[in-house]
Each structure stands twice: as structure tokens, then as C-alpha cells.
Amino acid sequence: MFKNRIEAATMLAEKLLSYKERPDTIILAIPRGGIPVGATIAKILQLPMDIVLTKKIGHPYNTEFAIGALSLESVVLGHDADNVSKNYINNQIIQLRETLQKKYDTYYQGIKRKTLTNKTVILTDDGIATGNTIIATINLIAKERPSKIIIAVPVSSISAFNKIKNTPHVDQMIALEQPADFYAVGQYYKDFSPVKDSEAIKLFKEFSN
């Protein structure tokens, strides 16, 4: 069990020391819980950090099940979207992009988004439960043609770890803990307090340069 996200990220950074100060490497954090993790790794490895703003497109009969994902620039749909109405998907794209635009405007105040092309991308979060959303995010990142994608998290369910490890575009999957009795990410932290927007924005601005 980790004391908090900072301790977990410090331990995770030890597994990534070979990337320290590499000019071709960038930390990519998933808001909001992934930002303290990403910022801590960025500080230790002396690397720039950016965030990935994406939203999953949920199935109309089970919104937790991702049939695709989108960013402000791209949309990726899986095979499960084939039998879903185009009208539903188009409406979801409009609604979700409105939400993403608000997030973008909140985080990127005076900050320019970094290019991922030909970069080694270390994608991080505070943990992974099912893996469905992060896989959709990986597919979006891959469209920017990075040279390598590494997934690094403190804790992951075994099923998600194996699913992500075997996902196209993923070059390496790192999880410090893969408990057999996984229930939820928060159970592996003594302090899993929600990350406030103000805290996330402050960390992002500090480590985005």
C-alpha cells in the first residue's frame, strides 16, 4: 500500500531512471489523479510534462464500456462501435468535445501543448482498473506518431495489465503492484484524497516547461 500519490510516483520514477534528462522523452499525465504522479516523476527525472485530455465514448447501454475515445483533434472508434447508431456517436462527440474544450481552456492558460511526434511518451495515472479508457487514450496518442509509448502506473488490476501490455502501440507496461484481489485503485493508497482542479493546474504549470 502506498502512503499517497507522491510516494507511489517516487517509487515509480526509480523504474524509469534510464529516461532521466533525455531530450526526446516527455511525461504525459491523465488529469486529475495522474497529475501529482506525473509531476513527481517529471521532477525526479528532470523531464517536461504535459497532460492528455481525452474522453471515452461509452456504449449507449453501458456507458462504462468504451466503444471509442476522442480528443479535441481526433476520434478513435473500436469495433464495438460498428453496431451503434451514427447519430448517437455524433451527439457524443459534440457533447464530449464541449467538456474537453472547457478543460483545455482551464489548463492551457499561457501554455502551449507539446508535440508527441518522434518522442518517447511515458503515460501515467494513479492507477488502472479496467484499462478500457487508457487503451482508447493510447490509440489517440499513437495517431501523433510518437517513437515509443510507455505506460507507467503505481497499481493496476492483473487483467488490465495484461490487456494493455498486449495492446498495439504499447512498447512497455510498468505497474509496481498487480494485486490478485484488486477491487479499486483507491484501496491501495492510505491517502487517496481527490485532486482539486487548483492543485492540478498549479502542478501542471510548474512542470510543463
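Laboratory data are not the source of any read-out in this text; all were calculated from the coordinates shown. Treat the numbers as computed from the prediction; the structure is a model and nothing was measured. We place every Cβ from the backbone using ideal geometry, glycine too, and count neighbours over all the protein chains shown.
Taken along the Cα-to-beta-carbon direction at a fixed 7 Å, the label points for ARG145 and ILE94 span 3.3 nm. Geometric descriptor of region 1-118, per residue, is 147 Å³ (volume of the convex hull of the Cα atoms).
Descending by average beta-carbon neighbour count within 10 Å, the peptides 132-141, 171-180 line up as 132-141, 171-180, the highest first.
According to the calculation over all Cα-Cα pairs in the chain, the P(r) per 10 Å bin from zero is 9, 35, 39, 16, 2 %. Modelled this way, with points 7 Å down the Cα-to-C-beta line, the labels at GLN178 and ASN4 are 3.0 nm from one another. Separation of region 10-71 from region 88-116 is 16 Å, based on Cα centroids. Taking each DSSP H run with n ≥ 4 as -39500 (n - 2.57) and averaging over every residue of the chain yields -11000 deg cm²/dmol at 222 nm.
About the centre of its Cα atoms, the chain shows a dipole size close to 460 debye [charges on the beta carbon of Lys, Arg (+1) and Asp, Glu (-1) only; nearest 20 debye].
What order do you get for SER71, SER156 when you list them from fewest to most C-beta neighbours inside 10 Å?
On the way: SER71 20, SER156 30.
Arranged by neighbour count, lowest to highest, SER71, SER156 become SER71, SER156.
Shape class for region 86-209: rounded, because the ratio a/c of the largest to smallest gyration tensor axis (alpha-carbon atoms, square roots of eigenvalues) is under 1.5. Its residue count N fixes a reference of 2.2 N^0.38 Å for region 55-106, and the Cα radius of gyration divided by that reference is 1.10.
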